[in-house]
Amino acid sequence: MADDRAAKILAAIGGPDNIIEIEPCITRLRCELEDGGKVDEAALKAIGVHGVVRAGGVVQIIVGPEADTIASDIEDLL
Amino acid sequence: MTLRVLSPVAGQVIPLTDVPDPVFAQAMVGPGVAVRPESAAGDAVSPVDGTVVTLHPHAFVVATADGAAVLVHLGIDTVKLKGEGFTLHVVKGESVRAGQAVIGWDPAAVEQGGRSAICPVIALDAGVDSLIEVRGRGPIAAGDLLFTWER
């Protein structure tokens, strides 16, 4: 999916400096962040993600089956 | 058009709402059914005829020729196992038949590691009312009809 979704997601989770690790798992991005409070859920919903689930220090962004591609696009932006 | 989706593993059928993961339990990526697998090690099989479009050690997606994609996830949070204990029998992009072995694994080992071995089977991006003939709670064999997807 060669669109700007990766860049928009990256911005909505606080930008490159806030990322400790992003791990794709089939339909979701597991984002380990410096500061989970910087996640803009409204912005993520506006991008069209299916959902946002917080579990401890990890924020899971449910993006659908393109998760692997989006994660690799985000890695390219870091 | 309808698509018959087979159980990837033998075990006990449970509703998706019983899956200990909010993403699956709330059907965020699509409706489906889950199977609590028997503890014996074995192969998870493809639920449909199609192409393996996504392949991880612990999960895979098979897309049919007309674009229906079915996700099989082997256990919950099993991405954390980094592939340990899982054996791939196919490669990404390979054509598979329904019932063909895709991944070998050991549900008992997953549970011994403190994780659930429950396998959600998801009709990706399907409408909430598109599953018919959904198998109810109870035993199922690998390759038995799990649900029919009306498309």
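The values are calculated or read from the model by the stated rules, or taken from the named source; none is laboratory data. Being a predicted model, the structure only gives us computed values, none of them experimental. Methodologically, a virtual Cβ is constructed for each residue, glycine included, from the backbone with ideal geometry; neighbour enumeration extends over all protein chains shown. Only protein heavy atoms, including side chains, enter the accessible area calculation; ligands, DNA and RNA are left aside. Shrake-Rupley method; radii C 1.70, N 1.55, O 1.52, S 1.80 Å.
Before rounding to the nearest 500, sum -39500 (n - 2.57) across all DSSP H runs of length at least 4 in chain A and divide by the residue total; then give [θ] at 222 nm in deg cm²/dmol. Intermediate results must be reported in sequence, preceding the final value.
Working: 3 runs with 26 residues, N = 78.
Mean residue ellipticity at 222 nm (helix-derived): -9500 deg cm²/dmol.
What's the magnitude of the charge dipole for segment A:5-77 around its Cα centre, counting Lys and Arg as +1 and Asp and Glu as -1 at the beta-carbon? Answer in Debye, nearest 20.
Working: 7 positive and 13 negative charges, 78 e Å.
Computed about the Cα centre, the dipole is about 380 debye.
Using only the alpha carbons, work out the radius of gyration and Dmax of the protein assembly as shown in angstrom.
Looking at the protein assembly as shown, its Cα Rg and Dmax stand at 17.2, 49 Å.
Under 5 Å between amide hydrogens, which residues at least 5 positions from B:THR54 or on another chain qualify, with H placed 1.01 Å from N in the peptide plane?
B:VAL61
Given a 1.4 Å probe and heavy atoms of the protein chains only, how would you sort B:SER46, A:SER72, largest accessible area at the top?
Details: B:SER46 0, A:SER72 55 Å².
So the residues, ranked largest to smallest area, are A:SER72, B:SER46.
Below 8 Å, C-alpha to C-alpha, sequence gap of six or more: please give me the relative contact order for chain B in percent.
Details: 392 pairs, mean separation 56.7, N = 151.
After rounding, I find 38 percent.
So, how do all the Cα-to-Cα distances of chain A break down into 10 Å bins, in percent, from 0 on up?
With 10 Å bins starting at 0, P(r) equals 21, 64, 15, 0.
Suppose we compare each residue of segment B:12-31 in its chain alone and in the full protein complex with a 1.4 Å probe; which ones drop by at least 10 Å² of accessible area?
B:ASP21, B:PRO22, B:VAL23, B:PHE24, B:MET28, B:VAL29
At a probe of 1.4 Å, how much accessible area disappears from chains A and B on forming the pair, both sides counted, to the nearest 100 Å²?
When A and B are taken together, about 1400 Å² of accessible area is lost.
Counting heavy atoms of the protein chains only and a 1.4 Å probe, report the per residue accessible area for the protein assembly as shown as a whole number of Å².
Working: 9780 Å² over 229 residues.
Ligands and nucleic acids excluded, the result is 43 Å² per residue.
What does the charge add up to near B:LEU88, with Lys and Arg as +1, Asp and Glu as -1, over the other residues with Cβ less than 14 Å from its Cβ? Could you put the intermediate results ahead of the total?
Numbers: positive: B:LYS82, B:LYS92; negative: B:ASP43, B:GLU84, B:GLU94.
With Lys, Arg at +1 and Asp, Glu at -1, the net is -1.
Under 24 Å between alpha carbons, and skipping anything fewer than 8 positions from B:LYS92 in its own chain: which lysines qualify?
B:LYS92 reaches B:LYS80, B:LYS82.
Rg to Rh for segment B:2-150: what is it, with Cα atoms only and Rh by Kirkwood?
Numbers: Rg = 13.6 Å, Rh = 14.8 Å.
That ratio is 0.92, to two decimals.
Could you size up the charge dipole of segment B:2-150 around its Cα centre, putting +1 on the beta carbon of Lys and Arg and -1 on that of Asp and Glu, and report it in debye to the nearest 20?
Working: 9 positive and 16 negative charges, 39 e Å.
Taking the Cα centre of segment B:2-150 as origin, the dipole is about 180 debye.
What percent do you get for the relative contact order of chain A when only Cα pairs under 8 Å and 6+ apart count? Working shown, then result.
On the way: 126 pairs, mean separation 28.5, N = 78.
37 percent.
I'd like the residues of segment A:42-78 whose 1.4 Å-probe accessible area shrinks by no less than 20 Å² going from the isolated chain to the full set of protein chains.
By number: A:HIS50, A:VAL53, A:ILE62, A:PRO65, A:ASP68.
Give the Rg/Rh ratio for segment B:1-47, taking Rg as the radius of gyration of the Cα atoms and Rh as the Kirkwood radius, to two decimals.
On the way: Rg = 11.8 Å, Rh = 11.8 Å.
Ratio value, two decimals: 1.00.
Considering only protein heavy atoms and a 1.4 Å probe, what is the carbon-and-sulfur percentage of the accessible area of segment B:3-151?
Working: 3000 of 6070 Å².
So the carbon and sulfur contribution to the accessible surface is 49 percent.
For B:CYS119, which sequence-distant residues (separation of 5 or more, or a different chain) have an amide H within less than 5 Å of its own amide H, given hydrogens modelled in the peptide plane?
Amide H neighbours of B:CYS119, under 5 Å, 5+ apart: B:VAL35, B:ARG36, B:GLY75.
Can you check what the net charge comes to around B:GLY138, using other residues whose Cβ is under 14 Å from the Cβ of B:GLY138 (Lys, Arg +1; Asp, Glu -1)? Present the calculation step by step, with values, prior to reporting the outcome.
Working: positive: B:ARG36, B:ARG135, B:ARG137; negative: B:ASP18, B:GLU38, B:ASP144.
Counting the neighbours of B:GLY138, the net charge comes to 0.
Reachable lysines from A:LYS8, Cα under 25 Å, same-chain residues fewer than 8 places away excluded?
A:LYS38, A:LYS45
If you plug each phi of segment B:9-23 into the Karplus form 6.51 cos²θ - 1.76 cosθ + 1.60 with θ = phi - 60°, what whole-Hz ³J(HN,Hα) values come out, in order, with x for Gly and Pro?
Rounded to whole hertz, the list is 9, 8, x, 10, 6, 9, x, 4, 5, 8, 6, x, 7, x, 5.
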